[in-house]
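Okay, structure first, notes after.
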Amino acid sequence: MSHETKPLGWTDEHGPDELYDKFKVIRVSTGKPLEPQQFTFVLLPEYDEAACAAIRAYADAVEHRAPQLADQLRAKIDDIETMNR
């Protein structure tokens, strides 16, 4: 299987359904990576419908304390879903 035909998230060591370090997350304010013990999980909604659903669920969960963020997340997912039709 060539690299171009492997499913999203696939590597030679890990399949797409495993949790492992795929991305290095850097804090914009400091330019430094997060500490190894800090858990991050990157979602790529342009390629994964489940990511869209997860981001919508997050928007619903933060609506009461961050309504502007919730609106921005929903608008972004709406745009992505429109482009992917």
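Only the coordinates and a few stated rules stand behind these numbers; no lab work does. Everything quoted here is computed from the prediction, not taken from an experiment. Using ideal geometry, Cβ is built from the backbone for each residue, glycine included, and neighbour counts are taken over all protein chains shown.
Computed values, structure above
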item	result
Inter-label distance, nm, simple model (7 Å from Cα along the C-beta direction), MET83/ASP21	3.0
Inverse mean reciprocal Cα-Cα distance (Kirkwood Rh) of segment 25-85, Å	13.1
